[in-house]
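The values are calculated or read from the model by the stated rules, or taken from the named source; none is laboratory data. Computed from a predicted structure; not experimentally measured. Positions of Cβ are generated from backbone atoms using ideal geometry, with glycine treated the same way; all protein chains shown enter the neighbour counts. These accessible areas exclude ligands, DNA and RNA; they are computed on the full protein's heavy atoms, side chains included. Shrake-Rupley method; radii C 1.70, N 1.55, O 1.52, S 1.80 Å.
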Amino acid sequence: MTNKIMLVHFGRSGSTVIAKMLAKHTKIAWFEEIVTLQEQKGAKTTEWQVGDYVSLIDNLPQPKRHVGYEVKPINFYKNPNVKIEDVIEHYHAVGDTTFIFLQRHNTLRRYISAVKASKLSLYHVKADDGPKPEKKAITLDLKDLHDYDSASKADTLVELLRKAKTEEQRLMNFFEEKGIDMLHLTYEEHIEQNPLDAYNIVCSYMMLGIEQQEITLRKTSAGIRNDIENFDEVKAALAGSEFEWMVEE
């Protein structure tokens with residue numbers, strides 16, 4: 001029987017660099033963000049039922065022992081019929097899926113990364129692309145605060161980060177409350193310094209042999225001071241809050 005690997009994350013957390021390494025493992029076939037790809041093809045996923053997601057996943061080609069894919073909460077927010085928890089719970093009941101939850105503790109950096117990627121259309125940079133691209137900064141609009149990845153909207157940056165953190169914790173609590181085992185990875189601990197750490201942990205967790213891999217992507221961030229033009233304004237907006245640490249390099 002082919003075993004599934006479901007990688008759950010909120011985006012801009014290092015998922016792609018891990019996925020590209022796992023995709024090269026001889027025992028894993030990786031299919032990236034499968035729901036996002038369907039949306040890009042014009043599928044009306046906002047009308048899907050649980051069975052439609054299950055059909056998509058179960059009909060993935062299975063050329064290897066393990067089949068991996070990514071799902072994000074944003075794929076479900078506009079669907080009144082299904083929550084990401086419904087799909088997770090289905091595959092927990094089936095018993096053929098390994099769950100990996102990838103988290104980025106610094107929600108501000110995740111949010112800035114998402115806004116910057118959208119504005120500059122720069123989502124990934126290949127490691128072998130030669131000299132680092134010219135540093136480009138954006139102005140983070142503190143009057144139009146909308147974190148699409150957590151379906152959070154707010155009038156202040158502190159409020160936005162609180163809502164995003166609450167949504168993230170809600171999903172974490174779901175795994176715990178349902179007794180669903182999952183491998184918890186974080187960007188800061190397992191990817192930021194060396195993505196191979198995350199790859200090795202996944203292989204060990206699944207009792208797969210660790211095959212030599214190369215890191216094919218590099219960071220798109222030049223550091224928060226270089227990523228946003230209004231750094232001082234953002235720092236002031238978080239001063240005295242529980243998120244003040246997020247502006248530190």
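Structure notes:
- Residue within region 170-181 that is open to solvent by 70 Å² or more (accessible area, probe 1.4 Å), within 20 Å of Leu22 (Cα to Cα), out of contact with any strand residue (DSSP E or B) (no Cβ under 9 Å at 6 or more places or on another chain) and among the charged types (D, E, K, R) present: no
- Members of region 211-241 found to be open to solvent by 80 Å² or more (accessible area, probe 1.4 Å), closer than 23 Å to His184 by Cα and over 23 Å from the mean Cα position of the chain (by Cα), listed by number: Gln212
- Output for region 37-51, where each listed residue is touching a residue at least 12 places away in the same chain (Cβ under 8 Å) and either of a type outside the set (Ser, Thr, Tyr) or surrounded by fewer than 16 Cβ atoms within 10 Å (Cβ to Cβ) (or both): Gln38, Glu39, Thr46, Glu47, Trp48, Gln49, Val50
- For region 168-219, residues that are under 29 Å from Tyr77 (Cβ atoms) and touching a Phe, Trp or Tyr at 6+ places or on another chain (Cβ under 8 Å) total 10.
- Condition check for Pro80: over 15 Å from Leu102 (Cα atoms) and modelled with pLDDT under 95: no
- Of the criteria (1) over 16 Å from Gln103 (Cα atoms); (2) open to solvent by less than 40 Å² (accessible area, probe 1.4 Å); (3) free of Cβ contacts under 8 Å to residues at least 60 places away in the same chain, which one Asp147 fails: (1)
- A residue that is surrounded by fewer than 17 Cβ atoms within 10 Å (Cβ to Cβ), more than 30 Å from Asn226 (Cα to Cα) and of a type in the set (Ser, Thr, Tyr) cannot be found anywhere in region 79-101.
- Evaluated against (1) open to solvent by 30 Å² or more (accessible area, probe 1.4 Å); (2) at negative phi, Arg12 falls short on exactly one condition, (2).
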